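First comes the structure, then the notes that go with it.
The values are calculated or read from the model by the stated rules, or taken from the named source; none is laboratory data. This structure is a prediction, so every number in the text was calculated from the model and none was measured. Reconstructed Cβ throughout: ideal geometry from the backbone, glycine too, with neighbour counts over all protein chains shown. What goes into the accessible areas is simple: the full protein's heavy atoms, side chains included, and nothing from ligands, DNA or RNA. Shrake-Rupley method; radii C 1.70, N 1.55, O 1.52, S 1.80 Å.
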Amino acid sequence: MHLLKNLKLAIIGLGYVGLPLAVEFGKKRPVMGLDINSLRINDLRSGVDKTLEISFEELKEASQLIFTSDFSQVQNCNCFIITVPTPIDKYNQPDFGPLVKASESIGMILKKDDLIIYESTVYPGATEEVCVPILEKFSGLKFNQDFYCGYSPERINPGDKEHRLINIKKVTSGSTLEAANLVNQLYGEIILAGTYQANSIRVAEAAKVIENTQRDLNIAFINELAIIFNKLHIDTEEVLNAAGTKWNFLPFRPGLVGGHCIGVDPYYLTHKAQSIGYHPEVILAGRRLNDGMGHYAASQLIKAMINKNIAIENAKVLIMGFSFKENCPDCRNTKVIDIINELKEFSCEVDIYDPWISKEEVFSEYKLKTLDEDQLVKYEYDAIVLAVAHSKFKTMEISEIRSLGKPQHVLYDLKYIFPKASSDLRL
């Protein structure tokens, strides 16, 4: 295998995971950053990251980083880190399309002693069962004889400026002990929080997929409690604040669970479990509950409007926030769409305002138009839903938000942005 100092690095996929990685390595050593989206590459070359994870100054600091959309430009590299997305399809089954295509492309340029490291979230065994055969087929080389693999799961938290790549401990692994040591040393160059070397690739894969599954289940539990407390006419936040006075109570809050991690990763684990004859009960129950929260929130809003004698048909509803989480422009797998679709089933007219998102991307993905701030009209809406806790919304006065509603309207604070007395409805 190559020595650490002789590694010629390429990062394949420059999204929320790959770009921060490429930037940090680009501060330390030469690295090629590849993304098949040529528009993305042009933006990055101009110092613009539309995910808003990396600033212009940070891109400039990565002086040894070169961007490309051409695989032929990375064929002289000998270490490839693959950070492409691993989504699910409409049937909640793993979609390995991006990972397969990336593996095929790397396989075509693979050379003896090359190292391929995967960061994409998968089920335990996927790297060696799905990716390695593709690498062998397209390269004609033999795994763990001619080339080696590693797995180091990503732990990026989009929109979080405190917990960033270098400040989060990195799990590493390799297909042989020598490969594992090399992978661990490589990440050790940039990760200030340190690394944890797992015993195998399968262990590292399993560790990643349960991180988000655990969080998914915890939120599902709180979501179910919120439904129960709503039926008992008890404020959920007040209950959680009281329970939170115990030192070991976990501070989860109810809400919509979307995005490309928590709302997706559990399905990779359950898919693998079912393939070996085990039907998961708890994990899938949590997924069903969280996937239904958008519909539940919409039904709560409709009931509240009826109680205020607001006509539902053609009622105007303003949704404030559309991205899958606060202070982030990412709308992939946002569950706010479930609220919107349910309201439309009741013949409501829905407007969307989100200062973080790309209007073009939302229209392309969801065929929805969004409003700019200057398009918001006072006394226009029968209902207002605070769906995402963007910092901009938190700094607004409640009177400013209320002024967008008609004299008789419902304000649904889905994210507990304001005190209980400020809103008509909370999850």
Using a Förster distance of 30 Å, how high is the FRET efficiency between Val48 and Lys161, based on the Cβ-Cβ distance and rounded to 0.05?
0.95
Segment 1-149, accessible area per residue, ligands and nucleic acids excluded (1.4 Å, Å²)
43 Å²
Please list the non-local residues whose amide H lies under 5 Å from the amide H of Lys406, H modeled 1.01 Å from N, same-chain partners needing a gap of 5 or more.
Glu380, Tyr381, Asp382
Evaluate the distance, in nm, between pseudo-label points positioned 7 Å from the Cα of Val377 and of Glu397 along their respective Cα→Cβ axes.
2.4 nm
Ordering Cys328, Cys261 by accessible area with a probe of 1.4 Å, largest first, what comes out?
Cys261, Cys328
³J(HN,Hα) computed for each position of segment 350-365 - Karplus, 6.51 cos²θ - 1.76 cosθ + 1.60, integer Hz, glycine/proline x
10, 10, 10, 10, 8, x, 9, 7, 8, 4, 5, 5, 5, 5, 5, 7
Where nothing but the Cβ of Lys and Arg (+1) and of Asp and Glu (-1) is charged, how large is the charge dipole of the chain around its Cα centre, in debye to the nearest 20?
540 debye
Using the alpha-carbon centroid of each, what span in Å lies between segment 206-274 and segment 39-84?
35 Å
Computing the accessible area with a 1.4 Å probe over protein heavy atoms, can you report the carbon and sulfur percentage for the chain?
52 percent
Nothing charged except the Cβ atoms of Lys and Arg (+1) and of Asp and Glu (-1): what's the magnitude of the dipole of segment 140-211 about its Cα centre? Round to the nearest 20 debye.
80 debye
Between helix 282-291 and the chain, what is the angle of the helix's C-alpha long axis to the longest principal axis, kept within 0 to 90° and rounded to the nearest 10?
50 degrees
Highest-MSF residue in the chain out of Lys308, Lys112, Lys359 [GNM, Cα springs under 10 Å]:
Lys308
If you average 1/r over every pair of different alpha-carbon atoms in segment 1-128 and take one over that average, what Kirkwood value in Å do you get?
15.1 Å
Please find the FRET efficiency linking Lys359 to Val203, where r is the Cβ-Cβ separation and R0 is fixed at 51 Å, and quote it to the nearest 0.05.
0.75
Karplus-derived 3J(HN,Hα), 6.51/-1.76/1.60, for each residue of segment 413-427, Hz, glycine and proline x
8, 5, 10, 6, 6, 10, x, 3, 5, 7, 10, 8, 8, 9, 5
At 1.4 Å probe size, with every protein chain present, just tell me what the per residue accessible area of segment 330-427 comes to in Å².
49 Å²
Just the number please: accessible area per residue for segment 203-329, 1.4 Å probe, all protein chains included, in Å².
46 Å²
Whole-number D in µm² s⁻¹ for the chain, Kirkwood Cα-pair radius fed into Stokes-Einstein, 4 °C, 1.567 mPa s:
56 µm²/s
List Trp356, Trp247, ordered by accessible area with a 1.4 Å probe, largest first:
Trp247, Trp356
Got a number for the accessible area of His295? Probe 1.4 Å, square angstrom, nearest 10.
80 Å²
Where in segment 182-211 does the amide nitrogen come within less than 15 Å of the point 7 Å from the Cα of Leu4, taken along Cα to Cβ?
182-197
Multiply the residue gap between Lys101 and Ser422 by 0.36 nm, knock off their C-alpha separation, and tell me the result in nm, one decimal place.
110.5 nm
With a point put 7 Å past each Cα toward its Cβ, work out how far Lys27 is from Phe346 in nm, to one decimal.
4.9 nm
Principal axes first, then extents: for the Cα atoms of segment 147-282, list largest minus smallest coordinate on each axis, whole Å, largest first.
61, 40, 26
Taking the Cα atoms of segment 246-360, what is the range of coordinates along each of the three principal axes, in descending order and whole Å?
51, 38, 32
Area of Lys394 that stays accessible when all protein chains are in place (1.4 Å probe, Å², to 10)
120 Å²
Would you mind getting the Kirkwood hydrodynamic radius of segment 317-367 from its Cα pairs, rounded to one decimal in Å?
11.2 Å
On the principal axes of its Cα set, how long, how wide and how thick is segment 83-153? Give whole Å, largest value first.
38, 20, 17
Table column - 3J(HN,Hα) (Hz), segment 64-75, Karplus curve with 6.51, -1.76, 1.60, x for Gly and Pro:
9, 9, 10, 9, 7, 10, 10, 4, 5, 6, 10, 5
Net charge of Cβ neighbours under 13 Å - reference Phe363; Lys, Arg +1; Asp, Glu -1
-1
Per GNM of the chain with C-alpha springs under 10 angstrom, the most fluctuating residue out of Glu129, Glu342, Glu326 is Glu129
At 7 Å along the Cα-to-beta-carbon direction for both Leu250 and Ile276, put a label point, then send me their distance in nm to one decimal.
2.3 nm
Return one number: the angle in degrees, 0 to 90 and rounded to the nearest 10, between the long axis of the Cα atoms of helix 97-109 and the longest principal axis of the Cα atoms of the chain.
20 degrees
Using only the alpha carbon atoms of segment 307-426, find the Kirkwood hydrodynamic radius as the inverse mean reciprocal pair distance, in angstroms to one decimal.
14.4 Å
Based on the Cβ-Cβ distance from Lys169 to Gln214, what FRET efficiency comes out when R0 is 22 Å, to the nearest 0.05?
0.85
